[in-house]
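Visitor: This is the structure I have questions about; it appears just below.
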Amino acid sequence: MRLLNLNSILYLFFFLILFVSKSSSEEESVDIWEKKEITNETSSEAVEVDNQEKKIKINFQNEESLEANIKISENKDISQPDIPLYGIYDPEENDLNLYMWKNTDGNEIKNIFKRINKIKLSKSSEEIFLNTIMTYSYLPQKNLSDKEFLKLKLDWLIENNKDNILEEFLNSNQDFHNRSKVIQYLVDKNIAKANLNEGCKKSEFINKEIKDSYLEKFKIYCLIFNDKKNEAQLIFDLLKEQKLSDSFFNTKINFLLGISEKADKKVKDDNLLNFYLSSITVPGFKYEPNEKTNKYIWEYLNSANLVTIEDFEDRDKIKTLELAANNNKFDKDKLFEIYKKISFDVNSLINAQGLYQSLDEVDARALIFQKYLLSDNPENRIKLLLLLKDISKRANLLNIFKEFISDNLKEIAEEESEDIVKEYEAVFKRNIITEQSKLGKVKFDDKILHRSRVIRFYTDINTPVQKTQKDLNNVYKKIRKNKKYFFSAKDLALVESLKIDGFSIPEEIKTNEIAKQYSVPKNLLDLAENDETGLLALKFVEIIGEDEISILDPETIYFITNILNKAKLIKFRNQVITSALPLRS
């Protein structure tokens with residue numbers, strides 16, 4: 001009887017499950033076909049659509065924006081493989097886009113990087129360069145792999161000591177080719193400065209995906225440095241098991257861990273970490289660098305005060321230090337201290353300008369250097385600095401004294417009379433290193449259009465559009481009264497930009513007619529028309545080069561702004577306008 005009741009209960013239970021399941025299924029089918037009212041407000045409102053893992057935000061204001069946003073958000077293109085994006089800046093930050101390299105031949109990018117690598121970029125050209133290469137983007141479609149493109153960018157950053165940018169890149173991009181190279185560079189930079197605290201912080205960038213023996217070794221040392229020997233021992237044992245260690249490193253770490261009591265005297269300079277371990281474990285450590293010594297080892301020797309010269313008669317060693325200083329490997333101030341310690345008698349110092357030619361090259365440079373330090377006559381000081389420049393230039397060692405000569409000439413120019421400054425004006429101009437120009441306060445001149453208050457729209461982002469339109473109309477009324485007024489290339493650059501930005505331009509200003517006076521490079525126009533905005537930006541970096549935008553000639557300013565307008569690179573264009581057009585104090 002109990003069995004029968006149990007069967008009845010089970011039967012009823014399964015029946016209820018089937019009934020509920022069927023009802024649910026019927027409800028779902030009804031919901032699918034049920035019509036729903038959708039309110040389509042095509043103003044500035046945005047509709048958010050959940051697409052499995054991605055959320056696509058659609059703005060109905062602009063059809064082009066709609067298409068671009070969908071492409072970027074979905075990040076899918078059936079016709080091409082899924083390619084990772086690397087960068088720091090979002091494309092819209094500088095009016096760029098994910099496809100800015102798409103139409104460009106990779107060989108063109110390689111070639112322009114080669115040329116830019118030879119240029120000491122000014123502050124403004126470097127800013128454009130970094131904003132371009134560090135923007136997230138897809139690759140060109142031919143002749144450049146993602147590894148090659150990334151290498152071009154990272155090599156430039158490393159060569160130009162852009163440590164902060166590299167750290168930002170590491171934080172923004174967790175997995176990329178040569179990540180370990182970037183981390184090792186940052187680690188070595190801090191070891192070279194004898195700043196192990198900061199260097200060990202860089203080891204935090206090392207993740208599980210990175211299998212690099214150099215970085216793992218440094219990580220072990222950092223644990224010892226921070227008194228975490230037990231943890232260091234565990235990782236050290238694992239490194240040995242993986243056969244990623246070597247006998248030199250094992251010996252040094254065993255000593256630092258206290259496993260072995262006696263330090264060996266072996267020194268290795270094949271890399272900076274081995275050299276550093278040598279310097280802290282070898283009793284009475286001494287090392288004689290030469291011109292082939294790695295620059296980071298030179299820097300570490302400087303920072304740790306390990307470069308010593310006991311015999312100031314050892315001219316060969318001093319020459320080695322001169323070569324290192326000329327190549328920015330050895331501290332120039334320390335070399336100057338060595339020059340001061342070379343002995344000369346009073347007669348030699350008095351007759352230095354007539355005697356130096358008969359001396360050894362090192363002695364000649366040291367003698368003139370000492371003579372300059374002892375001189376108090378401004379004209380003699382100028383002549384001695386020029387002589388120092390001449391003899392160092394003939395020995396291909398001018399880089400040693402370039403800043404010293406510049407700083408001292410600047411000091412003389414500031415301290416001495418106007419007569420001296422005027423007499424040696426050409427000398428000062430040729431030899432004083434000018435600092436990167438800083439933009440001063442804008443001074444408005446309503447007699448000249450591109451210097452008038454109209455420019456405030458670009459220099460002050462809070463300037464209302466209506467006020468700028470009114471200013472433009474009023475300024476033009478004044479200018480029109482001047483029958484001799486010459487409408488310059490800079491005026492044209494401003495007016496064309498205002499027109500692009502939606503301002504009403506007085507009918508009398510015939511921009512098309514005025515523009516015929518100025519040529520615009522066709523190759524750059526072609527890049528704009530072909531949507532090769534990435535390469536176009538790099539072309540402008542190359543054109544601006546070592547100069548600041550503010551000192552470019554008016555015709556160059558015009559064609560740059562003209563093409564940037566056509567390419568819709570408005571933020572880059574605004575940078576040119578604010579730097580080149582206003583009068584500044």
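Visitor: For the stretch 162-175, what are the residues that are farther than 16 Å from Lys201 by Cα and free of Cβ contacts under 8 Å to residues at least 12 places away in the same chain?
Guide: Listed by number, the list is empty, since nothing qualifies.
Visitor: Filter the stretch 526-562 for residues that are assigned to a loop (DSSP other than H, G, I, E, B) and within 24 Å of the chain's Cα centre (by Cα) and give the result. So that I can check it myself, show each step before the final result.
Guide: Step one: list which residues in the stretch 526-562 are assigned to a loop (DSSP other than H, G, I, E, B), which gives 530-532, 545-548, 552-553.
Glu532, Gly545, Glu546, Asp547, Glu548, Leu552 - these are the residues of the stretch 526-562 that are assigned to a loop (DSSP other than H, G, I, E, B) and within 24 Å of the chain's Cα centre (by Cα).
Visitor: Being under 25 Å from Ile551 (Cβ atoms) and free of Cβ contacts under 8 Å to residues at least 60 places away in the same chain: is that true of Arg430 here?
Guide: Working: under 25 Å from Ile551 (Cβ atoms): yes; free of Cβ contacts under 8 Å to residues at least 60 places away in the same chain: yes.
Taking the combined requirement at face value, the residue satisfies it.
Visitor: Can you name the residue in the stretch 229-288 that is of a type in the set (Gly, Ala, Ser) and in a loop (DSSP other than H, G, I, E, B) and, of all such residues, is surrounded by the fewest Cβ atoms within 10 Å (Cβ to Cβ)? First the steps, then the outcome.
Guide: If we filter the stretch 229-288 for residues that are of a type in the set (Gly, Ala, Ser), which is where we start, we get 232, 245, 247, 258, 260, 263, 278-279, 284.
From what's left, in a loop (DSSP other than H, G, I, E, B): 245, 258, 260, 263, 284.
On the way: Ser245: 19, Gly258: 9, Ser260: 14, Ala263: 16, Gly284: 5.
Among them, the one singled out is Gly284.
Visitor: Looking at (1) under 34 Å from the mean Cα position of the chain (by Cα); (2) in a helix (DSSP H, G or I), can you tell me which one Asn396 breaks?
Guide: Failed condition: (2).
Visitor: Now, a different point. Could you run through the stretch 440-484 and say how many residues are within 14 Å of Ile577 (Cα to Cα) and either surrounded by 12 or more Cβ atoms within 10 Å (Cβ to Cβ) or among the small types (Gly, Ala, Ser) (or both)?
Guide: Step one: filter the stretch 440-484 for residues within 14 Å of Ile577 (Cα to Cα), giving 442, 449-461.
Imposing the further condition that a residue be either surrounded by 12 or more Cβ atoms within 10 Å (Cβ to Cβ) or among the small types (Gly, Ala, Ser) (or both) reduces the set to 442, 449-459.
So the count comes out to 12.
Visitor: With the condition kept exactly as written, say whether any residue in the stretch 363-381 is out of contact with any helix residue (DSSP H, G or I) (no Cβ under 8 Å at 6 or more places or on another chain), surrounded by fewer than 18 Cβ atoms within 10 Å (Cβ to Cβ) and in a helix (DSSP H, G or I).
Guide: yes
Per-residue answers, yes or no, for (1) among the hydroxyl-bearing types (Ser, Thr, Tyr); (2) closer than 21 Å to Asn94 by Cα; (3) under 15 Å from the mean Cα position of the chain (by Cα); (4) not assigned by TED's automatic domain parsing to the domain that holds Leu564:
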{"position": "Glu126", "(1), (2), (3), (4)": "no, yes, yes, yes"}
{"position": "Leu130", "(1), (2), (3), (4)": "no, yes, yes, yes"}
{"position": "Ser137", "(1), (2), (3), (4)": "yes, yes, no, yes"}
{"position": "Asn143", "(1), (2), (3), (4)": "no, no, no, yes"}
{"position": "Lys151", "(1), (2), (3), (4)": "no, no, yes, yes"}
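Visitor: Sticking with this structure for a sec: Condition first: farther than 30 Å from Tyr138 by Cα and either aliphatic (A, V, I, L, M) or loosely packed, with under 13 Cβ neighbours inside 10 Å (or both). Can you find one or more residues in the stretch 526-537 that meet it? Break it down into steps so the answer makes sense when it comes.
Guide: First, pick out the residues of the stretch 526-537 that are farther than 30 Å from Tyr138 by Cα: none.
Taking every residue of the stretch 526-537 in turn, none turns out to be farther than 30 Å from Tyr138 by Cα and either aliphatic (A, V, I, L, M) or loosely packed, with under 13 Cβ neighbours inside 10 Å (or both).
Visitor: Counting just the residues of the stretch 453-508 that are over 34 Å from the mean Cα position of the chain (by Cα) and of a type in the set (S, T, N, Q), which one comes out nearest to Asn562 (Cα to Cα)?
Guide: Selected residue: Ser488.
Visitor: Looking at the structure I just gave you, is Asn523 under 19 Å from Glu108 (Cβ atoms), out of contact with any Asp or Glu (no Cβ under 9 Å at 6 or more places or on another chain), among the polar types (S, T, N, Q) and part of a helix (DSSP H, G or I)? Before you say what the answer is, go through the steps one by one.
Guide: Working: under 19 Å from Glu108 (Cβ atoms): yes; out of contact with any Asp or Glu (no Cβ under 9 Å at 6 or more places or on another chain): yes; among the polar types (S, T, N, Q): yes; part of a helix (DSSP H, G or I): yes.
In short, yes.
Visitor: Now, a different point. Criterion first (on the phi < 0 side of the Ramachandran plot, at pLDDT below 95, loosely packed, with under 15 Cβ neighbours inside 10 Å and hydroxyl-bearing (Ser, Thr, Tyr)) does Ser550 satisfy it?
Guide: Numbers: on the phi < 0 side of the Ramachandran plot: yes; at pLDDT below 95: yes; loosely packed, with under 15 Cβ neighbours inside 10 Å: no; hydroxyl-bearing (Ser, Thr, Tyr): yes.
Against the criterion (on the phi < 0 side of the Ramachandran plot, at pLDDT below 95, loosely packed, with under 15 Cβ neighbours inside 10 Å and hydroxyl-bearing (Ser, Thr, Tyr)), Ser550 does not qualify.
Visitor: Does the stretch 124-134 contain at least one residue that is out of contact with any Asp or Glu (no Cβ under 7 Å at 6 or more places or on another chain), surrounded by fewer than 20 Cβ atoms within 10 Å (Cβ to Cβ) and outside any helix (DSSP H, G or I)?
Guide: No: zero hits.
Visitor: For the structure I just gave you, tell me whether Val421 is in contact with a helix residue (DSSP H, G or I) (Cβ under 7 Å, 6 or more places away or on another chain), surrounded by fewer than 17 Cβ atoms within 10 Å (Cβ to Cβ) and part of a helix (DSSP H, G or I). Even if it seems obvious, please write down each step before you answer.
Guide: Values: in contact with a helix residue (DSSP H, G or I) (Cβ under 7 Å, 6 or more places away or on another chain): yes; surrounded by fewer than 17 Cβ atoms within 10 Å (Cβ to Cβ): yes; part of a helix (DSSP H, G or I): yes.
For Val421, the condition - in contact with a helix residue (DSSP H, G or I) (Cβ under 7 Å, 6 or more places away or on another chain), surrounded by fewer than 17 Cβ atoms within 10 Å (Cβ to Cβ) and part of a helix (DSSP H, G or I) - is met.
Visitor: Answer yes or no as to whether Lys332 is in contact (Cβ under 8 Å) with a residue 24 or more places away in the chain and basic (Lys, Arg). Write out each step before concluding.
Guide: Working: in contact (Cβ under 8 Å) with a residue 24 or more places away in the chain: yes; basic (Lys, Arg): yes.
In short, yes.
Visitor: Give, as residue ranges, the helices (runs of 4 or more DSSP H) completely inside the stretch 293-347 that count at least 2 residues that are buried (at least 17 other Cβ atoms within 10 Å of the Cβ), in the same structural domain as Ile405 (by TED's automatic domain parsing) and more than 30 Å from the chain's Cα centre (by Cα).
Guide: The qualifying helices (runs of 4 or more DSSP H) are 315-326, 332-341.
The values are calculated or read from the model by the stated rules, or taken from the named source; none is laboratory data. Note that the coordinates shown come from a computational prediction; the quantities given were computed from them, not determined experimentally. A quick note on method: Cβ atoms are made from the backbone with ideal geometry, for glycine too, and the neighbour counts reach across all protein chains shown.
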